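The values are calculated or read from the model by the stated rules, or taken from the named source; none is laboratory data. None of these values were measured; they are calculated from a predicted model. Neighbour counts are summed over all protein chains in view; Cβ atoms, including those assigned to glycine, are modelled from backbone coordinates with ideal geometry. The area values use the complete protein model at the heavy-atom level, side chains included, leaving out ligands, DNA and RNA. Shrake-Rupley method; radii C 1.70, N 1.55, O 1.52, S 1.80 Å.
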Amino acid sequence: MIITARNISKSYKRKGISGEVQVLCSTDIDLESGKVCLINGRSGSGKSTLLNILSGLLCASGGTVHYDSTDVYKLSDTELSLLRCRQTGYIPQVQSAVGTLTVRENILLPSAVIGKGKDRFAADGLLERFGLTELADARPGSLSGGELRRLSIARAFVNSPQAIFADEPTNDLDDENSRLVFEQLRKAADGGAAVVIVSHDRLAQEYADVVYCMQQGSLSREKGRI
Amino acid sequence: MSIKRVLYKSIVGKPLRSFALLFICIVMSAAVYGGAVISVSLQNGIDSLEQRLGADIIVLPESASEKVKLENILLQGTPGYFYMDKDIANKLAAINGVDKLSAQYFLVSANAECCTVQVQIIGFDEDTDFSVKPWLREAYSGKLGKNEIVVGSDLSTRVGHSLTLYGVECKAVGKLETTGTGLDTAIYAGSDTVRGLIKAAESKGISVLSKQDPADVISSVYIKVKDGYDIDEVTASINLGIDGVQAVRTKSMITGTADKLSVISGSVRLLITAVWLLSAVIMLIVFTVLINERKREFAVLRAVGFSRRRLAAQVLLGSLVICFVGAVLGIGICTAVVFPFSRLIERKAGLPLLTPDALTAAGYAFAALAAVTVTGPLASAYSAYRLSRIDTGRILREGD
Ligand SMILES: Nc1ncnc2c1ncn2[C@@H]1O[C@H](COP(=O)(O)OP(=O)(O)OP(=O)(O)O)[C@@H](O)[C@H]1O
Ligand SMILES: [Mg+2]
């Protein structure tokens, strides 16, 4: 899948401040199957905002996002949701497990949405890949930060997506687990997915084909070419 | 795993929250259903009584009201008896406007003789009766012979079995259907049988008459007025023309109760509406308060690909399921209480209660089920709207 974002701009209304805050201005980015793209930049520079826009979760104030030839923000909410669920995996920056479901059920959640009706064993491989096998039937409430992080990463993989958006996926992880996660993301790219990682982690550089830096609302390329 | 499981887990995974909502629904459905059933039961009771009395005017001895009111005998099953001279029947027949008339004889069973409670014995004149026989026929089609009786539905005596009254063995040949009135605890017999029983009582030393011969007394006279005559006028001319009796218009006797009833069923209806509204408002508040608590969960669902529609459906369906289960439980509990205890409620309320038949009751149950079940989605509609429109990006930035 090729993801093309053109002229993306985004401004937010902020409580207590009159007018709007411009976070992104006229940013372009291309993502491609088989490539890992890394975005870094200062905190508050708009990395998560861009990632959300690319993943179809947040509508930009201006510009377009195409998945292949589909203009995603022209789709209806239902169509876009289905497309996101089928073809993309999204790893939010913060912890994001559903408290009433077990670890296994959380991982299977995206498969439930598209009604593939995957059985519980479909999660076994992912549980093992991310070292969660023993916690399969635990509730998220009893997990550590790192375990929760790996849960939400495993969940992004369940529908074998063609694009993965990872927002600081190694935030709560030690070096060993960070490597594990980056390796899995790399593997997904090698398997044909387009992968975008937002990360400050130095390790990430080793796995990336292209590195961007977010500065003053737009991206500048630091390494590699598409 | 399916999406249904996500919904199921969101309900059972928050037992306290779900139980609180369930409880509201149980109370709401019990009130709606129970109230409706009680109010129709009251109406049924009064209707059946009116139908069964069949007379326009009832004449009693003047002294009757000092003992036990006929009203109480008929409505609440308070046993009682009173007598007047048999001659009165002839005098009544001479009154202008009287079409048919028939005498009845009252007696009360001795304590702890046949039944656990005192039972009203009502004797009627086989030849002239027009008020008892028409519906007695439902239970027994033949002519009641000497010492043959028909029993009310609340008495435990079965058809074919015998009952001893004042030492006289009486055979139950029929059993009446439930009326929800005092008539359910009564025994019906021919006038000869009752006269015999009065004599038997006297020979046992239980004197119900002061001097007269049982053959010379009657307890009450039921009168049918000729077409074209005003019932109130006939009632008045009886009261003026014959000493020692009081004539009561049947309708006015029941009207007192009917008025009381309409007040009661009116307040029951008001109560139902109030409970329903109150529960709906409480639910609305609960769902609105829960929006904040559920925001994160819904942001996650949104992030993994739930559409807004699906998010809203998740909220609406969740409330629908809880309300449905609550309604089923509430109606079930109510059925288990109202029907078996309707007799007790009747006695406590002092009003005739005739519970509706299974089909009608099922109709009310269904209506209550529907009313309670739709309340959930109605009360959670705003919450569903808000939760389906959450700003996922912002919520998932806010950390834990
Ligand atoms: N929903 C929102 N409403 C208002 N302002 C927002 C909203 N989301 C983001 N912002 C603002 O936009 C700017 C960029 O936020 P964003 O989360 O994209 O930054 P980031 O680069 O991901 O930062 P970090 O590295 O800390 O995660 C910030 O100044 C933030 O306060
Ligand atoms: Mg961020």
Using a Förster distance of 35 Å, the FRET efficiency for B:Lys251-B:Val168 (Cβ separation, nearest 0.05):
0.45
May I ask you to rank B:Trp135, B:Trp276 by accessible area, largest first, using a 1.4 Å probe over the protein chains only?
B:Trp276, B:Trp135
Enter the accessible area of A:Ser160 (Å², nearest 10), with the probe set to 1.4 Å and all protein chains included.
90
Find how much the distance from B:Asn90 to B:Arg309 grows on full extension, using 0.36 nm per residue of separation minus their present alpha carbon separation; answer in nm with one decimal.
70.6 nm
Taking 7 Å along the Cα-to-C-beta vector as the label spot, tell me the A:Ser142-B:Ala20 distance in nanometres, rounded to one decimal.
2.5
Treating cross-link reach as a plain straight distance, find the lysines whose alpha-carbon is under 21 Å from the alpha-carbon of B:Lys295, omitting any fewer than eight places away in the same chain.
A:Lys13, A:Lys15, B:Lys4, B:Lys9, B:Lys14
Each label point is 7 Å from the Cα along the Cα-to-Cβ direction; what then is the distance between the points at B:Ser141 and A:Glu183, in nm?
9.3
Place a +1 charge on the Cβ of each Lys and Arg in chain B and a -1 charge on the Cβ of each Asp and Glu, then give the dipole magnitude about the Cα centre in debye, rounded to the nearest 20.
3280
Let me have the relative contact order for chain A, percent, based on Cα pairs under 8 Å that are six or more residues apart.
30
Extending each Cα 7 Å along its Cβ direction at B:Ala370 and A:Glu222, get the distance between those two points in nm, one decimal.
6.6
Using a 1.4 Å probe and counting only protein heavy atoms, arrange A:Glu79, B:Glu233 so the residue with the most accessible area comes first.
B:Glu233, A:Glu79
Over 35 Å, how big is the tail of the calculated P(r) for chain B, in percent of all Cα pairs?
46
Can you list the DSSP H helices in chain A whose Cα atoms extend at least 20 Å along the helix axis and whose mean Kyte-Doolittle hydropathy is -1.0 or higher?
none
I need the P(r) histogram for the protein assembly as shown: all alpha carbon pairs, bin width 20 Å from 0 out to the longest distance, whole percents.
17, 30, 16, 15, 16, 6, 0
Looking at the stretch A:98-114, which residues lose a minimum of 30 Å² of accessible area between their chain alone and all protein chains in place, measuring with a 1.4 Å probe and not counting ligands or nucleic acids?
A:Val98, A:Thr100, A:Leu101, A:Glu105, A:Leu109, A:Ala112, A:Val113
When you look at the Cβ of every residue in B:1-10, what mean number of other chain Cβ atoms sits within 10 Å?
6
Could you check what % of the DSSP bridge pairs in the protein assembly as shown are antiparallel, to the nearest 5?
65
Over the Cα atoms of the stretch A:3-224, Rg to Rh with Kirkwood Rh, two decimal places?
0.96
Please tell me which of these pairs span more than 21 angstrom C-alpha to C-alpha: B:Lys100/B:Lys260; B:Lys86/B:Lys171; B:Lys143/B:Lys251; A:Lys47/A:Lys223?
B:Lys100/B:Lys260; B:Lys86/B:Lys171; B:Lys143/B:Lys251
Most positive-pole-ward Cα, A:Leu108, A:Leu151, A:Val195, against dipole of the protein assembly as shown from beta carbon charges:
A:Val195
Okay, helix-only estimate at 222 nm for chain B: each DSSP H run of n ≥ 4 adds -39500 (n - 2.57), divide by all residues, round to 500 deg cm²/dmol; what do you get?
-18500 deg cm²/dmol
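Where Rh is the Kirkwood radius over the Cα pairs of the stretch B:86-195, the temperature 4 °C and the viscosity 1.567 mPa s, what D in µm²/s does Stokes-Einstein return? Before the final figure, lay out each step's value.
Numbers: Rh = 14.5 Å.
The diffusion coefficient I find is 89 µm²/s.
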Per residue, how much accessible surface does chain B expose to a 1.4 Å probe? Answer in Å², no decimals.
46
Could you report the accessible area of B:Glu293 in Å², rounded to 10, computed with a 1.4 Å probe on the protein chains as they sit in the structure?
100
